[in-house]
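Notes to accompany the following structure.
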Amino acid sequence: MTNAAVVRDLRPAERSGPRASDALIRGRRVLPFPDGWFGVCFGHELKRGDVRTVPFMGQELVVYRTHAGEAFAVEPFCPHLGAHLGHGGKVDGDNLVCPFHGLAFAPDSTCVRACGGQKPPHATLTRRLAQERNGMVVVWHHHAGQAPEWEIPDADTQGFSKPRGSSFDLEGYPHDVTENSFDLAHFAWLHGFTDVAMHHETGPQWMESHLTGRWHGVEIKIRLIAHGLGYVLGESDVASLGVKVTTCAFPTPTAPLKWTFRWTDAVRVARVSALPAALSRPLYALIIKLAHKWFVHVVAADFPIWSNRRHVEYPKLMTGDAALAAFRRWSAQFYPGAPVSDNGLQENGGDPWPRA
Ligand code: FES
Ligand SMILES: [Fe+2]
């Protein structure tokens with residue numbers, strides 16, 4: 001079976017049900033697309049009147065911003081004769097206008113105008129629920145079309161620098177970002193932290209870790225809160241330097257084993273915040289540039305691991321992997337159907353969500 005055939009098999013519309021173990025790409029298991037809120041573009045990338053096409057869960061979405069400033073996401077094809085609205089579609093006031101024959105669709109997705117004064121047909125676009133949270137346009141995805149039962153909360157960055165962001169197209173599993181937040185051992189081995197310790201708490205759709213450690217001898221505390229698998233809020237505190245960093249991380253599945261990782265950092269330095277705005281503003285512009293560059297450098301150590309690792313559904317855990325084991329149990333709720341092993345048999349003593 002070719003990779004192309006594997007990809008086709010896994011598109012949600014063609015699946016008869018969850019089949020976590022039914023395909024491998026380069027020896028790596030393909031998982032179903034997870035449910036939840038996932039970022040599709042930075043809010044600042046979508047100016048008023050902009051129309052963009054974005055990859056999302058093995059399909060494309062068209063996102064646009066009305067002249068009133070609201071962002072929307074729709075499936076790309078016009079119900080008239082199937083033109084792709086991301087290729088030539090235009091925003092006219094609050095409406096999205098098809099490039100082929102000019103049908104105009106209102107924010108509620110209904111067709112409100114046709115060309116040449118004709119009566120608009122009873123037609124609607126397929127709208128996807130979109131919101132803007134922490135500088136990101138996020139779209140709700142549920143494999144069975146259920147409405148969201150939770151939201152991504154706003155991060156409190158009052159008194160912080162303006163955020164600075166980056167975006168990377170990676171291979172692997174988007175839950176690698178959230179899983180990282182609960183993977184104590186890798187902070188020491190891969191990222192160079194020392195004296196690391198972690199405790200965690202688990203809620204219905206959120207999970208939180210508190211990490212303490214030292215980086216080059218400087219004590220750092222990091223609180224990481226995952227809201228579903230599409231968003232992690234990080235709050236780093238280096239008390240000895242009076243520095244706090246707020247990180248908003250958005251991993252988004254784009255295709256089987258492909259995902260885009262977007263994130264922003266904002267920084268607060270006590271001594272800089274105490275300065276007059278005329279001084280603190282340019283200083284913060286420089287500091288956030290350097291701080292974000294450093295964060296990218298640190299997180300990029302994960303990239304080759306994430307891009308090439310295989311998802312091990314029944315991991316052989318170490319004694320320090322308690323938070324990781326809890327994450328695996330918590331995160332299963334976002335995948336349609338409980339994952340099973342390649343041969344359909346339970347392994348690891350019969351417990352698919354092991355306790356460390
Ligand atoms: S295909 Fe969109 S208006 Fe005809
Ligand atoms: Fe990491």
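Coordinate-derived values only; no laboratory data. Just so it is clear, the model here is predicted, and its values are computed rather than measured. Virtual Cβ from ideal backbone geometry, glycine too; neighbours counted across all protein chains shown.
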- Message: Where the second residue is assigned to a helix (DSSP H, G or I) and the first is within 20 Å of Val245 (Cβ to Cβ) and lies in the stretch 295-312, which pairs have Cβ atoms under 7 Å and are six or more apart or on separate chains?
- Response: Asp302/Asn180
- Can you tell which of Ala73, Ala83 is more than 16 Å from ligand 2 (Cβ to nearest atom) and closer than 16 Å to Val137 by Cβ? Ala73
- Message: If I ask for residues that are surrounded by fewer than 20 Cβ atoms within 10 Å (Cβ to Cβ) and over 21 Å from Thr202 (Cα atoms), which ones from the stretch 169-188 would you list?
- Response: Asp169, Glu171, Ala188
- Note on the structure: Here the residues within the stretch 278-320 that are more than 16 Å from Asp176 (Cα to Cα) and of a type in the set (Gly, Ala, Ser) are Ala278, Ser280, Ala285, Ala291, Gly320
- Task: Sort out which residues of the stretch 272-310 are of a type in the set (Lys, Arg) and part of a helix (DSSP H, G or I), and write them in order of number.
- Result: Arg281, Lys289, Lys293
- Message: Could you check the stretch 118-145 and list, in sequence order, the residues that are closer than 23 Å to Gly43 by Cβ and of a type in the set (Gly, Ala, Ser)?
- Response: Ala130, Gly135
- Query: Mind checking which pairs have a first residue in the stretch 147-171 that is more than 17 Å from Ile288 (Cβ to Cβ) and a second that is part of a loop (DSSP other than H, G, I, E, B) and among the hydroxyl-bearing types (Ser, Thr, Tyr), Cβ under 7 Å, 6 or more apart or different chains?
  - Reply: Ile152/Tyr231
- Looking at the stretch 73-93, is at least one residue under 29 Å from Ala249 (Cβ atoms) and away from ligand 1 (no atom under 16 Å from the Cβ)? yes
- Residue match in the stretch 112-120 (condition: on the phi > 0 side of the Ramachandran plot and either within 16 Å of ligand 1 (Cβ to nearest atom) or aromatic (Phe, Trp, Tyr) (or both)): yes
